[in-house]
Every structure is written in C-alpha cells, then in structure tokens.
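The values are calculated or read from the model by the stated rules, or taken from the named source; none is laboratory data. Since the structure is predicted, the reported quantities are computational estimates derived from the model, not experimental observations. As a convention, Cβ positions derive from the backbone with ideal geometry for all residues, glycine included, and neighbour counts pool all protein chains shown. Keep in mind that these areas ignore ligands, DNA and RNA; they rest on the heavy atoms of the full protein, side chains included. Shrake-Rupley method; radii C 1.70, N 1.55, O 1.52, S 1.80 Å.
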Amino acid sequence: MTPELFVHGLEWTEKSLYVYPNEFIYWSIQIVMYPYMTGLVAGAFVLSSLYHVFGQQDLKDMARFSLVFSLCLLPVAMMPLQFHLQQPLRGIEVMFTPHFTSAIAAFGIVFSTYAVIVMSEIWFVYRTYFVEQIGELKNDTSAAGSIKRWIYIILALGASDLSDKAVAKDKKAVKILAGIGIPVAGFLHGYAGFIFGSVKANALWMSPLMPVIFIMSAVVSGIALCMLTYIIIMEWKKFQAVLARGKGDETVLLLRGVEMDVMTKTARYLIMFLVAAISLEMLDLIFRGYTAMKSWDILRSVMFHEDFVKIFVLQYGLGNLVPFIMLLIPGLTIRRTVIALCLVLFGVFMMRWNVVIGGQAFSLSFAGFMHYHLPIIPHNLETFKEGLFGALTVAATPFVLFWGINKLLPSLDLKH
Amino acid sequence: MSCSRRKFLKSTLKGTLAASVPLSAFRFLSPAESRAATESTGTPGTRWGFIVDTNKCVGCGFCVKACKKENEVPYDAPVTRTWVERYVVTRDGKDYIDSPMGGRDGFTDPKIRGEEIPPEEITKAFFVPKLCNQCENPPCVQVCPVGATYQTGDGVVLVDRSWCIGCGYCIMACPYGVRFFHPVYRVAEKCTFCYHRISKGMKTACVDACPFGARQIGNLLDPEDPVAQIVQTQRVAVLKDEYGTKPQVFYIGLDKNVR
C-alpha cells in the first residue's frame, strides 16, 4: 500500500470472523498510556495530600517527594494524547473551541486547573527554601551559582518574608490547595474513566462504575510508583554512603531504617486502595455476568477465551493477587516490596490495556474479533508514535523531568 | 493600602495590556461566518431519510463502487462509506457473515472466509447494504471534543475536515461502525448521504448506481415523497434500536440475524 493510502489501524489489527469493514483498533498503545499516566499523576498527588490535609505524619517523608513527582508526571499525561492524534497540530483546539457535550472537551479545563493547583502548592511548600537559597548562594561567585540564585529569585516571586506568621500562612495555603487538589485529581482521573464509561457503543466500556474503578486503580498505581522511585533513590544514596564511609557506618544504617519505615507505612495505604479497586472490578464483572445482556456472549468469549491470560492471569493474578499476598506477609523487606510494587504497576498497566485494547477486541457486530499486534520496530512515524518506542518515550519522560526538577526543588533531602 | 490616581492609571494600563495578550488568540468573525455558526443550516422543511429494501439487494456492489468514486475514498483501501454484507443462515441456526472489501466487487465466491457451506444446509441467504444512519440523536456529534462533526438542519451529520483533530472518539462512539479515518486527509470520514448532491436536487451516488432500486433517499417531512410514504405505510425497521440513537435509515425485510 502506498504511503498516502495509510489506513490507520490496518498495520496492527488482525480481524477474525465477521468484523465491519471500517473497524480497526483505532485506540492503540498511547490510549493505554494515557489513563495509565494520568492515573500516576492523580495517585502521586493524593498520596502527598494524605499528609498535607489529613496530617498523616507517617507519610511526611513521602509527601514532598510525591508532590514534586506529580509535577513531573503532569506534562506526560498530555503526551500520549498528542502522540495519538491524527492531526497533532490541531490538538490545541480542544482548549480553544471545546465542545462541551464531549467528555474529552473537559480535559483542557480540568487539566489546567489541576496544573495550577499542583504548581502553586509546590510554590508554597518550597518558598522558604527559595528564600534560604537566595541568601546562601549570595557568596557563591561561580557562574552556575549565580544562575541558580537568579532562578531562585525569579521563583520566589519577590515574597521573601520568612517570619513565623508568613511561614504559617504558607502552611495554611498548602493545606487548602491540597484539600482542593484531592477532588480535582480525582476528577481528572475519574473523567478519564468517564471518557470510556460513557461510550454506549462499546459493551465492555459502558459502565457507571468505570470512573470509580479508574480512580481507585489510579491511586494504587500512583502510590506504587512513588514508593518504587523512593526506594531507588534511597538505595542510590545508601550505595553512595557505603562507598564513602563503609558498610557499617551510622549514615547507612539511618538511611536503611528510614527507608524501611516509610515503606511499611505507605504500603498499608497501597493495600487499602488495591482492595477497593479489585472489589469494584469484580462487582462490575459479576453484574455483567448476572444480568447477561445481549453483549454478554461476546464479552464472555473475550474475557474467558481470547484475553483470558491477559485478564485473569496477568492482571488479576500476577498484577493484583500476588503482590497483595507479598505485601501482607509479615517481615516486609525492601527486596520483596520492590518486586510487589513492580507487579502492582504491571497489574494496573494490564488493567488499562485490557480496558482499552480489550474493549476493541470484539467487533460492534458481536460476530467477530480483532487482535492487536503492538508495532515494535518502527518503520514510519505512525509505528513509532503508536508503537513500543512511543510508549517507552512517554514512560521515560517523567524520570528525565524529575532529574532536572530535583536539582532546583530537592525533594529527597533528609533534613526536611 | 493607599493608591494614587497616577498609580491607579498605571496599573489599569498594565492590566489591560496583559489581558490583551491572551485575547489576541481570538478572532472576529464576519457576519456571514457568525450566521453560519448560529443559525440552522440545510434546506428548511427537509429531513433526509433513507430506505434500504433488503429483498431487492443482490449484492452486486455497484453502490460501493459508485460511492468510493463519488466521494474520493481511495478505491483499494479497505475502508468505505457504505458496504454490503452477505448473510448465510444454515439449518442449525448458525449464521455466516462476510463483506470482502465492503462488497465492492460483488459476491462471486460461494465460500465465506474460505469455508464452503453445503447448499443443502442453507435455509436462507440475503444481502444487507449499510451506510450512515444519520441518527436523530447522533452519539458521534455528542462526543466530538472540538465540534468538528455536526448535524445540519436537514438531519445529515457532516465532518469539518479543516477542524477535526483526529482523536477517533466519534469512531468509537458510533454503534454502527460507519466511521473511519480518511486514508488521505487523516481525519474522521463518514457517509454524508452525498450531501453535495442531495442539496442540489440530485440523488446520492449509491441510489443512482443501484440497478434494482434497493436504495432510496427522500424527504421524510414531505408527505408526497415516496420514501416518507414507505416509512409511514409499510413495516420498516432500524438497526440497533437499543442504543437510542434514532436512526433515519429504514430497512424493509430486516432479518433478526442482521448485526
């Protein structure tokens, strides 16, 4: 087929039995990444808010980190959408000419509101730090030092008052913003669920439970990612401390203690949200089976035959049940936590996959199936964007951003 | 806080300038443009409707060919604005359905997906042409995030190729699978009832191409119109009524096996 005759979806869709001629897997890997990434954003923010709003002291060390991390994830929630659009340059029209009967049209508004909340909250958390740095870097005459100082001067926005009264006001603002942020984060992700749940043409997607299921699994994945990143950074610090001072040094032991403590406490929240997510998903499944509407025949054959391994073995088994048991067995170790967290993240990813790709695994005719083959080696822009490497680009971006942002907003310092 | 007049004027000026920067993203519409945006379009007193008589269809595929040529949908691309389905139902109640290349080249092979069905097993077989139902309550229009797809005053759903962002939400929202991405323009594409023809008093390309009169288009609001009369006086059915889309393509002789 000539390049100008590019039929979107033809490349990765394999049809079996009777599928309407125009049906292809139009929403591919990037639409799997989209709710996955927004889920991570929302989850990371909710985790930080648990400390700021509800004063969960056990999450203090995690709170600052997860807040900064949710900032890094923020631009990444938009990336997959942009990658997936057939007319990426027109993507901005969603902001300028929103058509409000569409669930997607709310994206611009919800997303910007959320971005503003996250950024202002970070500003209030870090204002004291900015002002302190301006003072500290005064004596630094190196070019890097003065550039850094100027950046902090700009970031401080001229608010250099560090009196107790002013700092107390900062704290209050953080609390309010975090409080508003929770429903907005929930809404940001819940409406991602609504985008799918409201498609009446799709028998698998259409469910009023969809937004709630999405929020729960979002929080699960957000917490898991924050925990995992925290462990990696702490391990790196420990490694550096071991190199510098030897294995038995006090700093190393202190780091180990702090790390384990934070993990045990955060894991409790992870388990709670995991239980909620699984219960809702099971409720949805049981309800569909029990009511056995017209679509149940085809849904059943997708769930129990075509996609059985992906849904029951990979998602529920390996992604939910195994880590659940691993985290519940007493005597939690870092190694076990890491494996469990990776499995949780994988499980949530599989859930997104099974919703997005699984929802297109059967024809609207209810008489045929479509199979998705993820493009691995790209041979044109389309197969890069909507292939393995496009997805990996999206997945890697928050870490690159965090590396940069952490230089200005250190979120892992033990002093704080 | 004290505020001198000079300071007040200065900040007002600054504020105005700052506010005008984002406002510059907007543009003024000409009177004709704003009228097109606010007033209803299409021929007044018209609601386009379609009749498909499945008893008359022989599956020749002339309609698909004509449509592809008329509407510049690449001939060899597997996507199409209209297509014809073949149904073969056997004694055991099983149905076999196919539509190779949308039925463009007719159905000359008795095999369905390589499977030979013994003629003595067949209890009934028929063809069903499909096209956009131009729903009264179109889900595709509802979900478009930028309003690039819209319903005209005379009931036809169209796509603005210069405004569609290509998100595919409308394709997902259509229960009938009539939408696809145009292989050349890379935006959402669908049957328009040949709006460029019907609004000039002509018939659609598929109606003109059908040698057996299986397809008819007309104005449902005109009591003298043959299509309106068929809908009013005969037993007609629509596809997938349960979605609440209120389709305006009416079928004569629709079988329960039709998907």
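Of the residues making up the range A:223-232, not a single one is part of a helix (DSSP H, G or I), under 17 Å from residue A:354 (Cβ atoms) and open to solvent by 50 Å² or more (accessible area, probe 1.4 Å).
For the range B:53-87, the candidate set comprises residues that are touching a Cys at 6+ places or on another chain (Cβ under 9 Å) and of a type in the set (Lys, Arg); within that set, the residue that is farthest from residue B:161 (Cα to Cα) is B:56. In the range A:279-311, what residues are open to solvent by less than 50 Å² (accessible area, probe 1.4 Å), assigned to a helix (DSSP H, G or I) and out of contact with any strand residue (DSSP E or B) (no Cβ under 9 Å at 6 or more places or on another chain)? Result: A:280, A:281, A:284, A:285, A:288, A:289, A:296, A:303, A:311.
Of the candidates A:180, A:151, the single residue that is open to solvent by 30 Å² or more (accessible area, probe 1.4 Å), farther than 11 Å from residue A:49 by Cβ and in the same structural domain as residue A:35 (by TED's automatic domain parsing) is A:151.
Residue-by-condition table, conditions (1) outside the structural domain of residue B:98 (by TED's automatic domain parsing); (2) touching a residue at least 12 places away in the same chain (Cβ under 8 Å); (3) part of a loop (DSSP other than H, G, I, E, B):
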| position | (1), (2), (3) |
| --- | --- |
| B:212 | no, yes, yes |
| B:223 | no, no, yes |
| B:232 | no, no, no |
| B:235 | no, yes, yes |
| B:256 | no, no, yes |
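Among residues belonging to the range B:158-205 that are more than 10 Å from chain A (Cβ to nearest Cβ) and of a type in the set (S, T, N, Q), point out the one that is nearest to residue A:94 (Cα to Cα).
First pass over the range B:158-205, keeping only residues more than 10 Å from chain A (Cβ to nearest Cβ): B:158-160, B:191-205.
Subset that is of a type in the set (S, T, N, Q): B:192, B:199, B:204.
Values: B:192: 24, B:199: 31, B:204: 33 Å.
Step by step, filter the range B:158-205, then rank; the result is B:192.
Is it the case that residue A:159 is within 14 Å of chain B (Cβ to nearest Cβ) and either open to solvent by less than 50 Å² (accessible area, probe 1.4 Å) or in a loop (DSSP other than H, G, I, E, B) (or both)? The answer is no for residue A:159.
Can we say residue A:39 is away from every other protein chain (no Cβ under 14 Å), over 23 Å from residue B:146 (Cβ atoms) and open to solvent by 10 Å² or more (accessible area, probe 1.4 Å)? Talk me through it step by step, then tell me what you get.
Details: away from every other protein chain (no Cβ under 14 Å): yes; over 23 Å from residue B:146 (Cβ atoms): yes; open to solvent by 10 Å² or more (accessible area, probe 1.4 Å): no.
Against the criterion (away from every other protein chain (no Cβ under 14 Å), over 23 Å from residue B:146 (Cβ atoms) and open to solvent by 10 Å² or more (accessible area, probe 1.4 Å)), residue A:39 does not qualify.
Can you tell me which residue within the range B:49-78, out of those that are out of contact with any helix residue (DSSP H, G or I) (no Cβ under 8 Å at 6 or more places or on another chain) and over 16 Å from residue B:124 (Cα atoms), is surrounded by the most Cβ atoms within 10 Å (Cβ to Cβ)? That would be B:52. Of the residues that make up the range A:262-278, is at least one free of Cβ contacts under 8 Å to residues at least 24 places away in the same chain, surrounded by fewer than 19 Cβ atoms within 10 Å (Cβ to Cβ) and more than 28 Å from residue A:74 (Cα to Cα)? No.
Give the residue that is farthest from residue B:181 (Cα to Cα), with candidates limited to residues of the range B:87-113 that are within 10 Å of another protein chain (Cβ to nearest Cβ) and of a type in the set (D, E, K, R).
Checking each candidate, the answer is B:95.
Scanning the range B:107-128 for residues that are part of a loop (DSSP other than H, G, I, E, B) and in contact (Cβ under 8 Å) with a residue 40 or more places away in the chain yields one hit, B:107.
I'm checking my understanding of the structure. Among residues of the range B:235-247 that are open to solvent by less than 90 Å² (accessible area, probe 1.4 Å) and out of contact with any Pro (no Cβ under 8 Å at 6 or more places or on another chain), which one is farthest from the other protein chains (Cβ to nearest Cβ)?
Residues of the range B:235-247 that are open to solvent by less than 90 Å² (accessible area, probe 1.4 Å), as a first pass: B:236-240, B:243-245, B:247.
If we keep only those that are out of contact with any Pro (no Cβ under 8 Å at 6 or more places or on another chain) as well, we get B:236-237, B:244, B:247.
Numbers: B:236: 21, B:237: 16, B:244: 8, B:247: 13 Å.
So, considering only residues that are open to solvent by less than 90 Å² (accessible area, probe 1.4 Å) and out of contact with any Pro (no Cβ under 8 Å at 6 or more places or on another chain), the one farthest from the other protein chains (Cβ to nearest Cβ) is B:236.
Pairs needed: first member in the range B:91-106, outside any strand (DSSP E or B); second member anywhere, open to solvent by 20 Å² or more (accessible area, probe 1.4 Å) and of a type outside the set (Phe, Trp, Tyr); C-beta distance under 6 Å; at least 6 residues apart or different chains. Final answer for the pair search is B:91/B:121; B:91/B:123; B:104/B:65; B:106/B:60.
Quick check on this structure: which one of A:181, A:135, A:186 is touching a Phe, Trp or Tyr at 6+ places or on another chain (Cβ under 7 Å) and part of a helix (DSSP H, G or I)? Working first, answer last.
Values: A:135 fails: touching a Phe, Trp or Tyr at 6+ places or on another chain (Cβ under 7 Å); A:186 fails: touching a Phe, Trp or Tyr at 6+ places or on another chain (Cβ under 7 Å).
Step by step, each of A:181, A:135, A:186 is checked, and only A:181 is touching a Phe, Trp or Tyr at 6+ places or on another chain (Cβ under 7 Å) and part of a helix (DSSP H, G or I).
Residue count for the range B:139-157 under the criterion of being more than 11 Å from chain A (Cβ to nearest Cβ) and open to solvent by less than 20 Å² (accessible area, probe 1.4 Å): the result is 5.
Among the residues making up the range A:80-127, those that are more than 12 Å from chain B (Cβ to nearest Cβ) and of a type in the set (Val, Ile, Thr) are A:110, A:113, A:116, A:117, A:118, A:122, A:125.
Considering only the range A:15-31, I want to know if a residue exists there that is under 22 Å from the mean Cα position of the chain (by Cα), in a helix (DSSP H, G or I) and not aliphatic (A, V, I, L, M). Yes - at least one qualifying residue is present in the range A:15-31.
Just one of the listed residues (A:216, A:234) is within 22 Å of the chain's Cα centre (by Cα) and more than 28 Å from residue A:400 (Cβ to Cβ), and it is A:216.
Given the criteria in contact with a Pro (Cβ under 6 Å, 6 or more places away or on another chain) and either open to solvent by less than 10 Å² (accessible area, probe 1.4 Å) or at pLDDT below 95 (or both), does residue A:68 qualify?
Numbers: in contact with a Pro (Cβ under 6 Å, 6 or more places away or on another chain): no; either open to solvent by less than 10 Å² (accessible area, probe 1.4 Å) or at pLDDT below 95 (or both): yes.
It is false that residue A:68 is in contact with a Pro (Cβ under 6 Å, 6 or more places away or on another chain) and either open to solvent by less than 10 Å² (accessible area, probe 1.4 Å) or at pLDDT below 95 (or both).
Pairs are defined by a Cβ separation below 9 Å, a sequence spacing of at least 6 or placement on different chains, a first member in the range A:4-29 that is open to solvent by 20 Å² or more (accessible area, probe 1.4 Å), and a second member that is in a strand (DSSP E or B) and of a type in the set (Val, Ile, Thr); the pairs so defined are A:17/B:97.
Here is a list of conditions, (1) more than 29 Å from residue B:58 (Cα to Cα); (2) in contact (Cβ under 8 Å) with a residue 40 or more places away in the chain, and residue B:180 meets all of them except one; can you say which number that is? Only one criterion in (1) more than 29 Å from residue B:58 (Cα to Cα); (2) in contact (Cβ under 8 Å) with a residue 40 or more places away in the chain is unmet by residue B:180, namely (1). What about residue B:219, is it buried (at least 19 other Cβ atoms within 10 Å of the Cβ), touching a residue at least 40 places away in the same chain (Cβ under 8 Å) and either more than 9 Å from chain A (Cβ to nearest Cβ) or not hydrophobic (A, V, I, L, M, F, W, C) (or both)? Yes. All of (1) part of a helix (DSSP H, G or I); (2) farther than 15 Å from residue A:37 by Cα; (3) within 14 Å of chain B (Cβ to nearest Cβ) hold for residue A:244 with one exception: (3).
Looking at A:318, A:314, A:332, A:343, just one residue is without any contact (Cβ under 8 Å) to a residue 40 or more places away in the chain and either surrounded by fewer than 18 Cβ atoms within 10 Å (Cβ to Cβ) or within 14 Å of chain B (Cβ to nearest Cβ) (or both), and that residue is A:318. Answer yes or no: is there a residue in the range A:82-101 that is buried (at least 24 other Cβ atoms within 10 Å of the Cβ) and of a type in the set (Gly, Ala, Ser). Within the range A:82-101 (the criterion being buried (at least 24 other Cβ atoms within 10 Å of the Cβ) and of a type in the set (Gly, Ala, Ser)), the answer is no, since none of the residues qualifies.
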